[in-house]
Ligand SMILES: Cc1cc2nc3c(=O)[nH]c(=O)nc-3n(C[C@H](O)[C@H](O)[C@H](O)COP(=O)(O)OP(=O)(O)OC[C@H]3O[C@@H](n4cnc5c(N)ncnc54)[C@H](O)[C@@H]3O)c2cc1C
Ligand code: SF4
């Protein structure tokens, strides 16, 4: 194998783009998730027919696109040696990077660099920071916990392209191997993070076993249910949520793709239907709200538009009567303590 096709810093159209890494050092410099819209089109044209073989890294829809391309193009089929998938919740446009950076203090026209995931030893892996720098002072890096920024919660789905509303591939089903975050209690407390991975290729199985034998990696085998549980929200969105969105669009007279779930509402509560619709509404609204902020030069334009929508989402996502249940439990506890004191 001669190189890796994956996403790294820089590029003609923004902060990130697909690149070829030819060495381990180069590959190492292009680690980490880039929540950013990129294209493979130019790079594939560049490498096509050069006789070299590559591992191609991508989110599920990119891996599927590469597989389909390989089916039509025997030269590329030879060149794509391994397909490496990334578990994906949804894509983000560049507005995601810009909106978070602006909240941290760097406005879009000044944005020079973004690191979407900076590990923080004082917090569990899920509560990572984002680091940004500004063109007028690239050496000063500003850092902030992502979940505390508006739109930083993945569940709010800001700047999610509409296409992702119809995607049902979470574990990159056409990849040889796929890596995700191990969002399971026994792993996510570790601030350094852990991967959940599914291998569908014997050579990769052997590579992983060799890595374990040599002490380079530690592998724990988990069952399918645990792998699914590591992406529980993702599955709710792409199975229960997808069925509702298909139902809604058919009712609105729109054409929809054929998916593995059937359109309908009966499988979820009315409250959940509202939540699914609210999430879709937030995605759609976020684009216009951020464009308005760019036009006004004020991030508050975006924040003020989104805040009530996110609050509504959060209210719907809470278990009904959760507050009342908690108050009742506290009351019972107090009463019991009171009895014990007598
Ligand atoms: C759009 C997006 C959505 C995601 N959603 C989820 C999710 O819902 N649940 C979850 O568990 N994990 C999600 N991830 C994270 C993904 O699971 C991790 O990237 C994966 O586990 C790899 O682990 P790592 O970051 O430790 O690997 P690293 O060693 O840091 O390597 C990451 C590799 O991915 C490449 N890469 C980064 N971004 C992209 C990109 N946009 N397109 C192609 N290649 C890229 C890098 O170049 C690098 O080679 C998402 C990632 C992306 C890019
Ligand atoms: S959710 Fe599906 S369509 Fe959207 S970016 Fe991820 S893999 Fe692609």
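Values as computed for the structure displayed
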| quantity | calculated |
| --- | --- |
| Test set (1) in the same structural domain as residue 17 (by TED's automatic domain parsing); (2) within 16 Å of ligand 2 (Cβ to nearest atom) - residue 79 fails condition number | (2) |
| Qualifying positions in the range 148-167 - more than 8 Å from ligand 2 (Cβ to nearest atom) and over 13 Å from the mean Cα position of the chain (by Cα) | 148, 149, 150, 162, 165 |
| Selected residue [assigned by TED's automatic domain parsing to the domain that holds residue 291 and farther than 28 Å from residue 120 by Cβ] from 213, 238, 200 | 238 |
| Flag for residue 239 being surrounded by fewer than 18 Cβ atoms within 10 Å (Cβ to Cβ), under 21 Å from residue 60 (Cβ atoms) and within 16 Å of ligand 2 (Cβ to nearest atom) | yes |
| Residue ranges of strands (runs of 3 or more DSSP E) in the range 77-185 with at least 3 members in contact with a strand residue (DSSP E or B) (Cβ under 7 Å, 6 or more places away or on another chain) and closer than 30 Å to residue 201 by Cβ | 80-86, 177-181 |
| Hey, residue 47 away from ligand 2 (no atom under 16 Å from the Cβ) and surrounded by 13 or more Cβ atoms within 10 Å (Cβ to Cβ) or not | yes |
| Those residues of the range 285-308 which are under 22 Å from the mean Cα position of the chain (by Cα), closer than 17 Å to residue 92 by Cβ and surrounded by 14 or more Cβ atoms within 10 Å (Cβ to Cβ), in sequence order | 285, 286, 287, 289, 290, 302, 306 |
| Conditions (1) within 13 Å of ligand 1 (Cβ to nearest atom); (2) at pLDDT 95 or above; number of the one not met by residue 15 | (2) |
| Selected residue [within 13 Å of ligand 1 (Cβ to nearest atom), under 18 Å from residue 31 (Cβ atoms) and outside the structural domain of residue 224 (by TED's automatic domain parsing)] from 178, 118 | 118 |
| For residue 193: the one exception among (1) assigned to a loop (DSSP other than H, G, I, E, B); (2) within 16 Å of ligand 2 (Cβ to nearest atom) | (2) |
| Identity of the residue in the range 32-61, out of contact with any strand residue (DSSP E or B) (no Cβ under 8 Å at 6 or more places or on another chain) and within 12 Å of ligand 1 (Cβ to nearest atom), that ends up nearest to residue 180 (Cα to Cα) | 61 |
| The range 62-76 - residue that is in contact with a strand residue (DSSP E or B) (Cβ under 7 Å, 6 or more places away or on another chain) and crowded, with 19+ Cβ neighbours inside 10 Å and, of those, nearest to residue 194 (Cα to Cα) | 63 |
| Matching residues, the range 146-170, being more than 14 Å from ligand 1 (Cβ to nearest atom) and either touching a helix residue (DSSP H, G or I) at 6+ places or on another chain (Cβ under 8 Å) or in the same structural domain as residue 196 (by TED's automatic domain parsing) (or both) | 149, 150, 151, 162, 165, 166 |
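The values are calculated or read from the model by the stated rules, or taken from the named source; none is laboratory data. Note that the structure is a prediction, hence the values are computed from the model and not measured. No Cβ is skipped: glycine too gets one built from the backbone with ideal geometry, and neighbour counts run over all protein chains shown.
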